[in-house]
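**Student:** My structure is below; once you've seen it, I'll send some questions.
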Amino acid sequence: MLSLEFIRKNKEKIISASKNKNRPVDVDRLIVLDDQRKELIRKIQSLREERNTIAKQPFNEEIREKGKKIKESLSNLEDDLDKNQTELNSLLIQIPNVPLDEVPVGKDASQNKVIKEWGNLPRFDFPAKDHLRLGTDLDIIDFEKGAKISGFRGYFLKNQGAVLHFSILFYVFNKLISKGYTPLIAPAIVKNFTMFGSGQFPWGEKEVYKLNDEDAYLAGTAEVPVTSIHSDEIIPEKLLPKKYVAFSPCFRKEAGAYGKDTKGLYRLHEFWKIEQVVIAKNDLEEAKKIHEELQKNSEEILQDLGLPYRVLLMCTGDMGEPQIKKYDTETWMPSRKAYGETMSNSIMGDFQTRRLNIRYRRSNGDKEYCYSLNNTAIASPRILIAILENCQQKDGSILVPKALLGYTGFKEIRKK
C-alpha cells in the first residue's frame, strides 16, 4: 500500500503506473476524500476542545444547551468521518505499486523483455514424448486416478516419480540453507490479514480457497505467511536483511485460467514450493542487489539440474500489483515447444510492509518501513515437466540430473 503523502506528491506518476499495470484508479477522488478527511478531523478536534472548555465552566441552562449541540455536531461529523474513511480506504487499497523506471511499459506478456538465455535446447533423434506419456509409460504419474479422487487437475505421483519430487524439493531446501537462509516450514492455512498484507487481496481473491472457518484461507505461496511473520514488529537495523527459505504446500483455484493447460502438471490446484523471502532495509540499491542474489540462486538450481532456461524482465502490464520490478525465469519444456514459467522474482518495495506494519529501527532511533522481496526457488511438480521431457532417452527412460543422485538413490527411471 502506498502512503497518502506519496500519492499526493506523485499524482501523475501514480495515474500513469496504475494505467500501465492495467489497474486504473480514481486518484482525483482519492485526493478529494483525503482533503475532506483532514477538514473533518480539524472540525472534530475543534469541537472536542470546545467541549472540554465548557465542561470546566459552572453548569447552567446555556452550558447544557451548548453541550447538547456540540454532542450532536460531533456525532454527525464522526459519522461523516467514518463514511469518508471507508470510501477512502476502498480506493487506497486498489492503487498498485509504482514500477521502477527500468521496467518496460507494456500491456501484456508479449511485451516482456528477454534479458538472458542459458543452456542448449535438446535435439532428439527419436520421437520425443510429453510428460503425460512419459509419466504413464513409466508408471510414475497417474492422472486418471488423480482426477477420480481429486477432480479436475488432480494427479498422483507414484514410485520413482514421487521420490524424484521430494528429492528436488529437499535438494533446493538444503542448497539455500547452505547459503545462510533460515529454513522454515510455513503454514498453508492463513488469516485474512496475511492475504491483504502480501497484496493477494483484493486483486487475487478469486484465486484463493476460503475455508469454512471464519478467518481461514489456503495460501497459494509461502510468500504469504513468511512475509507476514514480522507483522506489527520493529526490527533492529543490524538484524536486516532477514533471509528465509520456506517450504509449503500451495493451493490455487486457477479461476482465471479456464481452458488453459487443462492436461498435465503445468497448472494445478495444489502443489509444493520452496520460496525465498527477504525482509530488508528501505534502501533501493541494496534491494536491487538482493534481487540479483535471489535470481542467481534460482538460476544456479536450473543449471545444476542441466535445464535450459531464459530470464524475462517483466513489463508493467504483466506484473503483480505490489511489484516494482520483476523477473520471470522460464524453463524449456519440449512438449510445449516453448519455455514455461518456473520462477518469479520480485522487489515489492515497502508496499507489503506498510500493509503488514513491518518496520525497522535505524541506529539513530528513526523508524522506517522495511522492503520485502521474494522469489520462487523451485515449484514441483511443474518442474517435473522440464526434467522428464529434457532428460528422456531413446529407450523411454529418464536420466536423473546429477545434482539429485544423492537424494534419489537411483540414476535413471525405468518402468519396473
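The values are calculated or read from the model by the stated rules, or taken from the named source; none is laboratory data. Computed from a predicted structure; not experimentally measured. Every residue, glycine among them, receives a Cβ derived from its backbone with ideal geometry; neighbour counts consider all protein chains shown.
**Student:** List every residue pair whose Cβ atoms lie under 7 Å apart, where the two residues are 6 or more positions apart in sequence or sit on different chains, the first residue falls within the stretch 386-400 and is among the hydroxyl-bearing types (Ser, Thr, Tyr), and the second residue, located anywhere, is surrounded by 19 or more Cβ atoms within 10 Å (Cβ to Cβ) and modelled with pLDDT of 95 or more.
**Tutor:** Between residues of the stretch 386-400 that are among the hydroxyl-bearing types (Ser, Thr, Tyr) and residues that are surrounded by 19 or more Cβ atoms within 10 Å (Cβ to Cβ) and modelled with pLDDT of 95 or more, the close pairs are Ser397/Ile413.
**Student:** Evaluate the following for Ile7: is it over 30 Å from Asp108 (Cα atoms) and aliphatic (A, V, I, L, M)?
**Tutor:** No: the conditions fail for Ile7.
**Student:** Could we say that Asn52 is over 28 Å from the mean Cα position of the chain (by Cα) and polar (S, T, N, Q) here?
**Tutor:** Considered against the rule, which asks whether it is over 28 Å from the mean Cα position of the chain (by Cα) and polar (S, T, N, Q), Asn52 comes out as yes.
**Student:** Please give the helices (runs of 4 or more DSSP H) falling wholly within the stretch 1-83 in which 2 or more residues are over 30 Å from Ser198 (Cα atoms).
**Tutor:** 27-55
**Student:** May I ask you to verify whether Glu214 is of a type in the set (D, E, K, R) and more than 18 Å from the chain's Cα centre (by Cα)?
**Tutor:** yes
**Student:** So, one more: Quick one: how many residues across the stretch 283-307 are out of contact with any helix residue (DSSP H, G or I) (no Cβ under 7 Å at 6 or more places or on another chain), buried (at least 18 other Cβ atoms within 10 Å of the Cβ) and either small (Gly, Ala, Ser) or not in a helix (DSSP H, G or I) (or both)?
**Tutor:** Number satisfying all stated conditions: 2.
**Student:** Also: Among the residues of the stretch 355-377, which ones are surrounded by 14 or more Cβ atoms within 10 Å (Cβ to Cβ) and of a type in the set (Gly, Ala, Ser)?
**Tutor:** Hits for the stretch 355-377 are Ser372, Ala377.
**Student:** Determine whether Ile229 is closer than 13 Å to Cys370 by Cβ, buried (at least 17 other Cβ atoms within 10 Å of the Cβ) and without any contact (Cβ under 8 Å) to a residue 60 or more places away in the chain.
**Tutor:** Yes; evaluated as a whole, the condition is true for this residue.
**Student:** Picking from Leu184, Leu132, which residue would you name as being assigned to a strand (DSSP E or B), on the phi < 0 side of the Ramachandran plot and surrounded by 14 or more Cβ atoms within 10 Å (Cβ to Cβ)?
**Tutor:** Just a single option satisfies the conditions, and that option is Leu184.
**Student:** Let me spell it out: the conditions are (1) charged (D, E, K, R); (2) in a helix (DSSP H, G or I); (3) assigned by TED's automatic domain parsing to the domain that holds Gln352, and Arg123 meets all of them except one. Which number is the exception?
**Tutor:** Every condition holds for Arg123 apart from (2).
**Student:** Please state which of the following conditions Lys260 fails to meet, knowing it meets all the rest: (1) over 18 Å from the mean Cα position of the chain (by Cα); (2) modelled with pLDDT of 95 or more; (3) of a type outside the set (Asp, Glu); (4) under 26 Å from Ala377 (Cβ atoms).
**Tutor:** (2) is the only condition that Lys260 fails.
**Student:** Of all residues in the stretch 162-181, count the ones that are crowded, with 16+ Cβ neighbours inside 10 Å and either basic (Lys, Arg) or over 21 Å from Ser248 (Cβ atoms) (or both).
**Tutor:** So the answer is 1.
**Student:** A follow-up question, please. Scan the stretch 208-225 for residues that are in contact with an Asp or Glu (Cβ under 7 Å, 6 or more places away or on another chain) and either in a helix (DSSP H, G or I) or surrounded by fewer than 18 Cβ atoms within 10 Å (Cβ to Cβ) (or both) and jot them down.
**Tutor:** Within the stretch 208-225, Glu223 is the sole residue that qualifies.
**Student:** Looking at this structure, is Lys326 surrounded by fewer than 18 Cβ atoms within 10 Å (Cβ to Cβ) and either under 30 Å from Pro236 (Cα atoms) or out of contact with any Pro (no Cβ under 8 Å at 6 or more places or on another chain) (or both)?
**Tutor:** Answer is no for this residue.
**Student:** Inside the stretch 153-165, can you point out the residues that are within 12 Å of Glu270 (Cβ to Cβ) and in a loop (DSSP other than H, G, I, E, B)?
**Tutor:** Arg153, Gly154, Tyr155
**Student:** Something else about it: From the list Arg29, Arg37, which residue is surrounded by 13 or more Cβ atoms within 10 Å (Cβ to Cβ), within 29 Å of Phe201 (Cα to Cα) and basic (Lys, Arg)?
**Tutor:** When all the criteria are applied, what remains is Arg37.
**Student:** Among (1) part of a strand (DSSP E or B); (2) among the basic types (Lys, Arg); (3) within 17 Å of Leu176 (Cβ to Cβ), there is one condition Arg310 misses while meeting the rest; what is its number?
**Tutor:** Status for Arg310: all satisfied but (3).
**Student:** May I ask you to say which residue of Ser73, Ser90 is over 39 Å from the mean Cα position of the chain (by Cα), more than 21 Å from Lys326 (Cα to Cα) and of a type in the set (Gly, Ala, Ser)?
**Tutor:** Answer to the check: Ser73.
**Student:** The conditions are (1) within 21 Å of Pro241 (Cβ to Cβ); (2) free of Cβ contacts under 8 Å to residues at least 24 places away in the same chain, and Lys337 fails exactly one of them. Which is it?
**Tutor:** Going through (1) within 21 Å of Pro241 (Cβ to Cβ); (2) free of Cβ contacts under 8 Å to residues at least 24 places away in the same chain one by one, Lys337 breaks only (1).
**Student:** I would also like to ask the following. Look at the stretch 92-120 and say how many of its residues are in a helix (DSSP H, G or I) and crowded, with 16+ Cβ neighbours inside 10 Å.
**Tutor:** Of the residues in the stretch 92-120, 1 are in a helix (DSSP H, G or I) and crowded, with 16+ Cβ neighbours inside 10 Å.
**Student:** Given the condition touching a residue at least 60 places away in the same chain (Cβ under 8 Å) and closer than 30 Å to Thr353 by Cα, answer yes or no: does some residue in the stretch 150-171 qualify?
**Tutor:** Checked the stretch 150-171: at least one residue is touching a residue at least 60 places away in the same chain (Cβ under 8 Å) and closer than 30 Å to Thr353 by Cα.
**Student:** Residue check: is Ser380 surrounded by fewer than 24 Cβ atoms within 10 Å (Cβ to Cβ) and closer than 21 Å to His165 by Cβ?
**Tutor:** Yes; evaluated as a whole, the condition is true for this residue.
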